[in-house]
Amino acid sequence: MMNYHETAQKVLNLVGGKENIQSVTHCATRLRMVAKDDNKVQLKELEKLEMVEAAFINSGQLQLIIGQGKVNKVYKELIELSGLKETDLQDTKKAAMEKVDPFQRFARVLSNIFVPIIPAIVASGLLMGTLGMIRTFGWVSPDSSLVFLLDMFSNAAFVFLPILIAFSAAKEFGTNPFVAAALGGILIHPALQNAWTIGGGIEKTLDFFGINIALVGYQGTVLPILIAVWAMGYVERFFRKTVPNMLDIILTPFLTLLTTAFLSLIIIGPAGRIIGDLISQSLQGLYNLAGPIAGIVFGGLYSTIVITGIHHSFHAVEMGLLANPSIGVNFLLPIWAMANVAQGGAALAVYFKTQNPKIKQVAIPAATSCLLGITEAAIFGVNLRLKRPFIAAAIGGALGGGYVVLTNTAMTAVGLTGIPGTAIVLPEKMIHYIIGMAIAFFGAFIAVNLLGFQDEETAEGQKDSERNNNFKNVGEINEQEIIINSPIKGEMVNLNEVPDKTFAEGILGQGFAINPFDGKVYSPVDGKVMMAFETGHAVAINSSGAELLIHFGIDTVKLGGEGFKLLVNNGDEVKVGTPLLEVDLDKIKDKVPSVITPVVITNSGDFIIEKIYTESTLVEPGKPILKLVRKGS
């Protein structure tokens, strides 16, 4: 049997030697490294290594699935053999991002900035929708205090949008978020003319040493503050290097804000406003000129764009549309919604046509999630996998997109599609949005039946069967049993539906998964904490010899602990119900592929496993799910 030293040596040779490794780290189960040249990495040979369950490259990172308890030992040997410096997950993530296409990297930066703001924009959009319905149906007098207050509540996020963007962007651009928020406040200061009144002309200007400054605010704008905070990052780093350490805490924030404020009012603000208006007006012009053709093209191509990750940049454009006083609505999101719903229609059609039981199990929940605006399972788990259903979904998205553009359907916020999107659709366009979804869904469904597809062979069936042999009815067995309870409140999900083949294919062991309703995670067993990762994304517990891994979400290790609060330490004794983690679901859910949480027994081959929970798919913490009996006992 190959030991840890030999495995590390083989890994080092097969990735092209230490000269080809830019950085290396590990998480609960995987060795993660960034290679300078991916072409030198021998993936097939790596997968043949005894300790390596799987090897693949994802988002610039080479990932070797080794398993908990072993990966840290292989990592230690690799560090000693190569002489490489130990790095944390954030450093490796940054190194991986440097290898990604520049446009994708730019899209990811925008996503990181705008995704945290989405809840505030959605809340404002819902308030706008409520206000619109009150006015449309005349539920109360237009002069009532309720209308006045709802109007104030609904536009607050847009009035102060530069401050929200500044705070979020500062974290991405490496500058002080509070100083950045102050800069946002300067750009919407009451002393400046309100941005939404400049249609009637600029009221005041100021002569500043011969430079004519228009005293105009930037309420509701996106680009000016985004560019200003990006510039602030460089300005602050310059002063950090030049200001003496003893004066840094006083002078650096002062000089940074002073310099950036002048630059913003004189150069960045006016230029950013012009560029932002050009983008918004160009999109509106294309929308008006091309009409349904624009909807057909955008609706048909959107899911392809999702695969590249570039769609993350669209939040900025959509917020610009909403904030522009001459537009004030989001006419792009209904098109994206049609594309998402169409993926669900295609996945449902696959369910009825495929003979592959594994795809059947994934297809129904994947189709359902598309109706809720979540498409990853349908795209990657069903449609793209079979190719032609993905094309059929593009056809459905194009049909639905063309219809919503034809009927001028628009929304009042960003972030919600599918059925939840009905909450932010303009009330008078609600019926057209619903019709558009039906066209997209059934259009894709019919297209799959017309195009057909080559069904996957079930060659893996034998492997699946061997794994499932562990799941038996143990009847009246009286030997010592281990009960695995639910650690989270949520909805039960089959392990093979998890959007990560490491868990879906049982590589790490058998178990179950839960789509969480909140971020509170409790111990599902009595036992001892084997490993509590600093990033908080995973906890491993030993319970009477059963090694249990609770892995919150997919690829959450990349967050480096952001949004996670670890409540236990290595070696802690825990009981059923002991709090393990607290997770900010709203903060992380849009930054990772999925928050579905696998719970696996990593040494499941040593046990006979009985599923004992069959009441419904909804579970509470402490609800018994599995019963384990050690083989041969």
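The values are calculated or read from the model by the stated rules, or taken from the named source; none is laboratory data. Because the structure is a prediction, the values reported are computed rather than measured. Note that each Cβ is placed from the backbone with ideal geometry, even for glycine, and that neighbours are counted across all protein chains shown. Ligands, DNA and RNA are excluded from the accessible area calculation, which covers all protein heavy atoms including side chains. Shrake-Rupley method; radii C 1.70, N 1.55, O 1.52, S 1.80 Å.
So, in segment 109-158, exactly how many residues are over 28 Å from the mean Cα position of the chain (by Cα), open to solvent by less than 60 Å² (accessible area, probe 1.4 Å) and touching a residue at least 60 places away in the same chain (Cβ under 8 Å)? Here the count works out to 1. Would you confirm whether or not segment 377-390 contains a residue that is over 18 Å from Gly300 (Cα atoms), among the aliphatic types (A, V, I, L, M) and assigned to a loop (DSSP other than H, G, I, E, B)? No - not one qualifying residue is present in segment 377-390.
Close Cβ contacts (under 6 Å, 6 or more residues apart or on different chains) running from residues in segment 406-430 that are without any contact (Cβ under 8 Å) to a residue 60 or more places away in the chain to residues that are in a helix (DSSP H, G or I) comprise Thr407/His432; Ile419/Leu371.
If I filter segment 482-520 down to residues being among the charged types (D, E, K, R) and in a strand (DSSP E or B), which single residue comes out as farthest from Pro579 (Cα to Cα)? Here the answer is Glu491.
Which of the residues that make up segment 19-39 are without any contact (Cβ under 8 Å) to a residue 24 or more places away in the chain and either open to solvent by 10 Å² or more (accessible area, probe 1.4 Å) or acidic (Asp, Glu) (or both)?
So in segment 19-39, the residues without any contact (Cβ under 8 Å) to a residue 24 or more places away in the chain come out as 19-20, 36-37, 39.
Listed by number, the residues that qualify are Glu19, Lys36, Asp37, Asn39.
Could you tell me whether segment 576-585 includes any residue that is surrounded by 16 or more Cβ atoms within 10 Å (Cβ to Cβ), of a type outside the set (A, V, I, L, M), assigned to a loop (DSSP other than H, G, I, E, B) and free of Cβ contacts under 8 Å to residues at least 60 places away in the same chain? Within segment 576-585 (the criterion being surrounded by 16 or more Cβ atoms within 10 Å (Cβ to Cβ), of a type outside the set (A, V, I, L, M), assigned to a loop (DSSP other than H, G, I, E, B) and free of Cβ contacts under 8 Å to residues at least 60 places away in the same chain), the answer is yes, since at least one residue qualifies. In segment 41-79, which residues are open to solvent by less than 60 Å² (accessible area, probe 1.4 Å), under 26 Å from the mean Cα position of the chain (by Cα) and not hydrophobic (A, V, I, L, M, F, W, C)? Correct list: Asn58, Gly60, Gln61, Gln63, Gly67, Gln68. Would you say Thr368 is out of contact with any strand residue (DSSP E or B) (no Cβ under 6 Å at 6 or more places or on another chain), hydroxyl-bearing (Ser, Thr, Tyr), open to solvent by 40 Å² or more (accessible area, probe 1.4 Å) and over 18 Å from Ala294 (Cα atoms)? Considered against the rule, which asks whether it is out of contact with any strand residue (DSSP E or B) (no Cβ under 6 Å at 6 or more places or on another chain), hydroxyl-bearing (Ser, Thr, Tyr), open to solvent by 40 Å² or more (accessible area, probe 1.4 Å) and over 18 Å from Ala294 (Cα atoms), Thr368 comes out as yes. Taken over segment 344-376, the residue count meeting the criterion of being outside any helix (DSSP H, G or I) and within 23 Å of the chain's Cα centre (by Cα) is 4. What are the residues in segment 544-574 that are out of contact with any helix residue (DSSP H, G or I) (no Cβ under 9 Å at 6 or more places or on another chain), over 23 Å from Ile483 (Cβ atoms) and either buried (at least 22 other Cβ atoms within 10 Å of the Cβ) or among the basic types (Lys, Arg) (or both), if any? Listed by number, the list holds a single entry, Lys565. Evaluated against (1) surrounded by fewer than 22 Cβ atoms within 10 Å (Cβ to Cβ); (2) within 28 Å of Lys589 (Cβ to Cβ), Thr409 falls short on exactly one condition, (1). Asn603 fulfils the conditions (1) surrounded by fewer than 23 Cβ atoms within 10 Å (Cβ to Cβ); (2) within 29 Å of the chain's Cα centre (by Cα) except for a single criterion, (2). Taking segment 521-543 as the range and being under 15 Å from Pro579 (Cβ atoms), touching a residue at least 60 places away in the same chain (Cβ under 8 Å), assigned to a strand (DSSP E or B) and open to solvent by less than 10 Å² (accessible area, probe 1.4 Å) as the test, only Val521 passes.
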